[in-house]
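A short reminder: the numbers here are calculations on the coordinates, not readings from a lab. As the structure is a computational prediction, the values presented were derived from the model and not from experiment. Cβ placement follows ideal geometry from the backbone for every residue including glycine, while neighbour counts extend to all protein chains displayed.
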């Protein structure tokens, strides 16, 4: 029921899940209400003494109170509210739903809210399904709720990032979390997720640790570091207690070494890491630059000829059946030494073209013996494509048919929509390793017969797609966020192997579920961006995948003023309103200015605009036709494939689109 309630009768609800806010965003909201009035109703429940508790819209209530303090509004200013009669448990869910899809909630608030729902009897799957999230995302937030109080408060206040909070969660021991947090808080260097994860997983460090060998025992003790040594311990087995101090000293030494090497090699930069490999995060946004092995000198060529001749002499001894045992042993040792020397000569460092070297960089890793080593790979910053005139593109949803509605959108918007649609498809492929395996095997098997004139649907033959817009990432889009959450949950323990053989063996030893998750992810990240429109941006195979899965695009992408309505013409917005509410709805907004129309359209398609139930349901299900995954009709004589008849995935279950959306 809609009701006007005086502002001074509205109070904060104890069930409102938002505990933290953004002062800058609050100031913007206050200015917006002062200029345009309240654009969205508050959701309230009756309270004692004639008061009403605000279940959804607390930020708006506070903004209006601030305006009342400034004498812009009266204390008894009438506020339009939607009056609910829900239970307390339903009120928590209402508050969470209202907050989740607006100003991004603090992860700590999300964790507490999800934990409250689970405590109230909801399952993780129920929570994920209600809010259109993945089970993995909800489980990750629930793990945050179990962090040590001091760590959780640091996350809530913004003192640490979400990635660092996740690193603390690598152990469930709150005592260890507290101790490590106190150590890094008192340090004079900024911790990163990798260093925090190492510290919580190892209470102490052995003297043989690469970081310990890099820093040295004397430097560590001089800096105040403590060492515990038992009766039979030696320098390698003794325990170094102050891990945070050791991390700081090691990081400082690697940074100094990196600067020295950059100057010595004439490079633009050298990035140091305490890991024995260059992680994905370290080289993200970089591209490999072409480099060739340095040419051999005349002396080296002559030495290789000498070694080849010596090799033949010793090989003849091994082939002679009459050779004495001592001679055979000596020949084997000599051949082994010759092979090592040849390998050392031929292992040439890479050489980069002089014109590229001034902008090139390398990665300095810490080897397992504690020695800083430059990886023999040159990297460069990824260059953004030059801006082009953003001319309009005529969009015809699906295949080009004369009677289809034609819409003109900007090239930038078309590219952004294509990339966001790609992320939705990628998330669903990543959630179904069985399908991902089929896509990978088919794509590789079909490469010999693929028409070279046709556009590829994935980059399985090559690296991750980069574009069509360099640097664009819809971080606030549910599918993009869920993809990032999925990536952070992958088991990377196999990277600890000392060489490729060891890493492969460690990877094979992972549980089936972990390897299946990697399979889904590597296939999903190869998907190109496409839209359901005629022309080069259409990929029928991706449309087939999306329709086969049964993706409900409206569950994963909602049009807003920022991502769509501000970017299209007024007529396109009115056409969308006509689609869901007929001429009657669109005519209400025909005389509204474009900026206000975009904001109103956002409310209509978010389901927060007061209108008929049927219109609201249509609006919540509406997305531009180009964002949907088309379901092409089968040709004559061709069997129709029903998604319910699909083969089970690797876990033996057939996942419905609703389960995938959860």
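Structure notes:
- Anisotropy class of segment 141-269 from Cα gyration tensor, a/c 1.5 cut: oblate
- Stretch gain in nm, segment residue 343-residue 297, where the contour uses 0.36 nm per residue and the Cα spacing is subtracted: 15.0 nm
- Within segment 255-298, the proportion of C-alpha pairs whose separation exceeds 16 Å stands at 57%.
- Where the Cα pairs of segment 191-257 fall when distances are cut into 5 Å bins, in %: 3, 18, 30, 26, 15, 5, 2, 0
- Computed extension gain for residue 579 through residue 39, at 0.36 nm per residue and net of the alpha carbon distance, reaches 192.1 nm.
- Alpha-carbon centroid distance for the pair segment 233-281 / segment 518-564, whole angstrom: 42
- D_trans [Stokes-Einstein, Kirkwood Rh over alpha-carbon pairs] for segment 298-347, 4 °C, 1.567 mPa s, µm² s⁻¹: 114
- Quotient of C-alpha Rg and 2.2 N^0.38 Å, computed over segment 262-355: 1.69
- Rg/Rh ratio calculated on Cα atoms of segment 565-627 (Kirkwood radius): 0.92
- Sequence of 507, 232 once ranked by neighbouring C-beta atoms within 10 Å, starting from the fewest: 232, 507
- A full extension of the chain between residue 135 and residue 496 corresponds to an added length of 127.1 nm, given 0.36 nm per residue minus the alpha carbon distance.
- Zone residues, segment 288-308, relative to residue 353, backbone N less than 14 Å from point 7 Å out along Cα-to-Cβ: 289-292
- Pairwise label distance in nanometres, residue 437 with residue 593, each label 7 Å out on the Cα-Cβ vector: 5.9
- Normalised by 2.2 N^0.38 Å, with N the number of residues, the alpha-carbon radius of gyration of segment 469-553 equals 1.41.
- For 613, 151, the sequence from fewest to most other C-beta atoms within 10 Å is 613, 151.
- Approximate spin-label separation residue 11-residue 269, in nm, with each point projected 7 Å along Cα-to-Cβ: 5.4
- FRET efficiency for the residue 239 to residue 487 pair, using the beta carbon distance and R₀ = 30 Å, is estimated at 0.30.
- Normalised per residue, the volume of the convex hull around the Cα set of segment 131-195 (Å³): 91
- Between the alpha-carbon centres of segment 325-377 and segment 305-324 there is a gap of 26 Å.
- Ordering 556, 518 from the fewest to the most neighbouring beta carbons within 10 Å gives 518, 556.
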